[in-house]
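This report concerns only the one structure given below.
The values are calculated or read from the model by the stated rules, or taken from the named source; none is laboratory data. Here the structure is a predicted model, which means the values were calculated and not measured. Cβ: placed from backbone, ideal geometry, glycine included. Neighbour counts: every protein chain shown. Keep in mind that these areas ignore ligands, DNA and RNA; they rest on the heavy atoms of the full protein, side chains included. Shrake-Rupley method; radii C 1.70, N 1.55, O 1.52, S 1.80 Å.
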Amino acid sequence: MEDDGGERSSFVVGLIENRAKEVGMAAFDLRSASLHLSQYIETSSSYQNTNTLLRFYDPCVIIVPPNKLAADGMVGVSELVDRCYSTVRKVVFARGCFDDTKGAVLIQNLAAEEPLALGLDTYYKQHYLSLAAAAATIKWIEAEKGVIVTNHSLTVTFNGSFSHMNIDATSVENLEIIDPFHNSLLGTSNKKRSLFQMFKTTKTVGGTRLLRANLLQPLKDIKTINTRLNCLDELMSNEELFYGLSQVLRKFPKETDRVLCHFCYKPKKVTEAVLGFDNTRRSQNMISSIILLKTALDALPLLAMAIKDAKCFLLANIYKTVCENDRYASIRKRVGEVIDDDVLHARVPFVARSQQCFALKAGIDGFLDMARRTFCDTSEAIHNLARKYREEFNLPNLKLPFNNRQGFFFRISQKEVQGKLPSKFTQVVKHGKNIHCSSLELASLNVRNKSAAGECFVRTEICLEALMDAIREDVSALTLLAEVLCLLDMIVNSFAHSISTKPGYRYSRPELTDSGPLAIDAGRHPILESIHNDFVPNSIFMSEASNMLVVMGPNMSGKSTYLQQVCLVVILAQIGCYVPARFATMRVVDRIFTRMGTMDNLESNSSTFMTEMRETAFIMQNVSNRSLIVMDELGRATSSSDGLAMAWSCCEHLLSLKAYTVFATHMDSLAELATIYPNVKVLHFYVDIRDNRLDFKFQLRDGTLHVPHYGLLLAEVAGLPNTVIETARTITSKITDKELKRIELNCEKHHEMHRIYRVAQKLICLKYSKQKEDSIRQALQNLKDSFTEGRL
C-alpha cells in the first residue's frame, strides 16, 4: 500500500450516531496499522466532543452514512463535518456498511493477539456504534487501497481517548498547545511558538506524532507518569546514558514506524490483474520497508549497549522485552539470508533507488541480474553523456541532479551561459540562479533507466514474498519495536533535550496525587519564558478547602498569561515531563476547560456574549470534580448588571463542585465572593502608580486590587477630556463607598465560618504532608492553639 509520508495525517475516521445523540467513532491509522474505537453521548448541540476527537486525529478521510434517509437528530455529525472540516475528504458510505455484527467479527479476526485480550463480549453490547463505524472504515480502506488487512496484525484500543485527560478543541486553541494564537494575523515572523513547537525536537516522524498526541491527551495514570519521570531523572543525572541514547537513536531511520504498513497489509492481486495497476511503486515501497527494517534491526545491538546498565524501570523493561527478545534476531537472520549485507536505508533519491535495485543478494534471480545490468549501463551512459556535454559546450560546472519525478536532468548556472543555450538542450526552465534542462538523449536514457529500475523492483518483490509472509507472523514484535522507539525519541530527544538546554534549577520534577492540592511554587510560562529573559514567576495553591481563585488586575497586568501558565504546567506534568517551577505537586486532572478571549463568531452568527454563553454552557454540562477550569472574564459583553449576575451565578455553581477554578475578572464586586464563601481566595496582580501612570510588576499578591480606578487612569492616558474623567471619578467613588459598606457587613457575618474553613484547609495540607510524625503533631498543636486564642 502506498504510504502517506512525512508528518501528514494518516488517519481514516468513520462516524455514526443514533437518535439519542450517541456517537460511535473508529479511527484507523494507516501508518501504524492501529484502530482506535470510541463511543460517547454528545452533551453539546455543537458536538464539541466529536470536534475535539477529530482535531486530535486530524483525519485525511472522514466516512459518514448518508443524510437523505436518516431520521431527525441523526445528521449532526455529518453537518459538523461539512461545517468544520470542509477541506477534508468526506466519503458517504451506505448505512448498510455500518454493520456492528460484522465489525465485531472483523476486529476479532484482525486484532493482534498480544498483549491483552480485548473482551469483545462485554464491549459489543455497550458500544455497538463504534463497531459499526469500524466495519465501514475497514471496508473502505480495503476497497480504496487495494489491500487486505492481515489477520492478527491490528493494534486495537477501546475508548482510548477517555482514558486520558480531555482537552476540548477551544481550549487547545486558547492554550496555544499546537499552534500560536492569531498565528495567521501575526505571520510567520512571529517569535512566539506553541507548546508543541517548543518541544518538537524529536528525530522521528513517529516521535513527533506521539508528542502531539500526548500534548492533546495527557495521561491520567499516575504510575505511568511516574515511570516516565523516573526515566527522566536517570537521564538528567547520568550524562553518559543521555548522550549515548541520543546518538543511538540517530542510527534508527526517521520513518521506522512506517515499516509496519507493509507487513500488516496484503495486496489484492486479483484486483490488480483485472484493473492493470502499475506494480512498480508498490514494489518499491515494499523493498524500501524491508531495507528500513534491516537498518533498524542492525541498530538494535547499539541500543542494547546504551541501556544495558540503566536502573529505571522503563529502560530496564525495554532492554528485557526488546533487546533480549530472540524474535528480533530471528527476523534479522531471515532478512540477512536474502538481503545484501551492505544495503542501508538512504534518503537521497538516486542512492535510495540504487539500494532498492541491489537490495537482494546476487544470483537469486537471473532476470533480476539482467535488469540490474541494464540499470547500471543506463546510469553510466547518463553520466558519460553529462561528461560529454561539459566538454562539448564548455560547461565545466554542469551538474546532473536526480529526483523521483523527473529522473536525471541538467542544472547549469546562469553565469556560465553566454547568450542562448545550444539547441540540444530542451525543456529549459529558470530556477533561481540556475537553469534546469534536459535533452533528447537524456530523456531516452531516463526512460530506459526507469524501466530497468521498475523491472528490478517487480522481480525483487516476487523473490521477497516468502520473506514478507514470514515477517508477518511476528508483526506484533515489530509493533512493539516501533512504539518503543517513538517513546524513547519523545522522552530523550524532546523532554530531556528541552530540559537540558535550560539551567538545572529552572525545571523540577512534579509530584502527582489522586486527591491532593494543586501547588506550584514560582511557576513560569513555558513558552514566554523562552522569549523574555526577565519573566516574573508566580505561585498557585488550591485545595478542596480553597478550590476557587479570583484573580484581579488591570489590563496587561498578566492575568491571561497566568491562566495559560497554570494549565500548561499541569499538561507538562501529566505527560511525564519536568515543569518550569521551583516545586510542583498536583491532583491529577481529568479535563481542562478554558473560556478566554472575547470576539464575535460570524460563522455561527453569534455575538460576543452568545459565544461566551455557549462556551460556558459546555463547561457547566461537562465539568467533573477533578476538572481544572480557567475563565478569563465572563459577562463583559452584556449589561453590567446581567454580566455580574451571570458571573456570580457561574462562580457559585462551580463552588459547589470539587473542581479547581481560576477566575480572572475586572469586576470588583466578585471579590465579595470571598466574604461569603470561605473556599474562595482573592488575588491581584500588583501595579505601582507613578505620575498617574501604571507600572506593571506582574507579581501576584493576596487580597483585592489596591489600584483605585485604574480604568480611569488608562482613560486619562488615552486623552479623554478632564471634565469627563472628573465626573466619572465622582460617580465611581459613590458606587465604591456603598460596596465597601456591604463587604464589611459580609465579613462580620461570615467571620466564624471563615475561621473554621482555614482550619480545614490547614488540616488537608497536613494530610498530604510528607513530614515526620513529630513535626505533624507539633503543627496540629500550633493550629489548635491559634484557633482557641483567636489568632487564626
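Given the pairs Lys220/Lys770; Lys361/Lys399; Lys203/Lys294, which span a C-alpha to C-alpha distance of over 26 angstrom in this model? Numbers along the way, then the final one.
Details: Lys220/Lys770 23 Å; Lys361/Lys399 32 Å; Lys203/Lys294 19 Å.
Result: Lys361/Lys399 exceed 26 Å.
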Reported to the nearest 10 Å², Lys784 has, with a 1.4 Å probe, an accessible area equal to 130
For Glu391, Glu234, the accessible-area ranking with a 1.4 Å probe, largest leading, is Glu391, Glu234
The farthest towards the positive end of the charge dipole of segment 376-452, of the residues Ala452, Asn434, Ile412, given +1 on Cβ of Lys and Arg and -1 on Cβ of Asp and Glu, is Asn434
So, with points 7 Å from each Cα along the Cβ direction, the Asp326-Ser476 label distance in nm works out to 1.7
With +1 at each Lys and Arg Cβ and -1 at each Asp and Glu Cβ, the charge dipole magnitude of segment 398-506 around its Cα centre, to the nearest 20 debye, comes out at 1180
Counting only protein heavy atoms and leaving out ligands, DNA and RNA, the solvent-accessible surface of Glu240 at a 1.4 Å probe, in Å² to the nearest 10, equals 150
Taking only protein heavy atoms and a 1.4 Å probe, the highest-to-lowest accessible-area order of Phe11, Phe410 is Phe11, Phe410
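Are any of the pairs Lys223/Lys681; Lys251/Lys320; Lys388/Lys415 more than 23 Å apart by Cα-Cα distance, and if so, which? Intermediate values should be presented prior to the final figure.
Working: Lys223/Lys681 32 Å; Lys251/Lys320 20 Å; Lys388/Lys415 20 Å.
Correct reply: Lys223/Lys681.
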Between the Cα axis of helix 722-749 and the main Cα principal axis of the chain, the angle (0 to 90°, nearest 10) is 80
For segment 218-365, the Debye formula with one identical point scatterer on each Cα and no solvent gives log10 I(q)/I(0) at q = 0.14 Å⁻¹ as -0.83
Probe 1.4 Å, all chains present, heavy atoms only: Val105 accessible area in Å², nearest 10, is 80
Over all Cα pairs of the chain, the Kirkwood radius sets Rh, and Rg/Rh then becomes 1.04
With +1 at each Lys and Arg Cβ and -1 at each Asp and Glu Cβ, the charge dipole magnitude of the chain around its Cα centre, to the nearest 20 debye, comes out at 1420
Residue span Ala760 to Asp642: 0.36 nm per residue of separation minus Cα-Cα distance leaves a gain in nm of 39.1 nm
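Label segment 376-452 by shape, choosing from rounded, prolate and oblate, from the square roots a ≥ b ≥ c of the eigenvalues of the Cα gyration tensor; if a/c is under 1.5 it is rounded, and otherwise prolate applies when a/b is larger than b/c, oblate when it is not. Intermediate results must be reported in sequence, preceding the final value.
On the way: a/c = 2.03, a/b = 1.55, b/c = 1.30.
Prolate, since a/c reaches 1.5 and a/b exceeds b/c.
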For Lys220, the residues 5 or more places away or on another chain with a placed amide H closer than 5 Å to its own amide H are Met165
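Sort Trp648, Trp140 from largest to smallest accessible area, using a 1.4 Å probe on the heavy atoms of the protein chains. Could you put the intermediate results ahead of the total?
Values: Trp648 55, Trp140 15 Å².
Solvent-accessible surface, decreasing: Trp648, Trp140.
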Label model pair Leu783, Arg411: point-to-point distance (7 angstrom along the Cα→beta-carbon line) in nm is 7.2
Placing +1 on each Lys and Arg Cβ and -1 on each Asp and Glu Cβ in segment 481-532, then taking the dipole about the Cα centre, the residue among Ser500, Leu487, Pro517 whose Cα reaches farthest towards the positive end is Ser500
Sorting Met610, Val149, Leu683 by the position of each Cα along the dipole of the chain (Lys, Arg +1; Asp, Glu -1; all at Cβ), the one nearest the positive end of that ordering is Val149
quick note, the chain, DSSP beta bridge pairs, % antiparallel (nearest 5) is 60
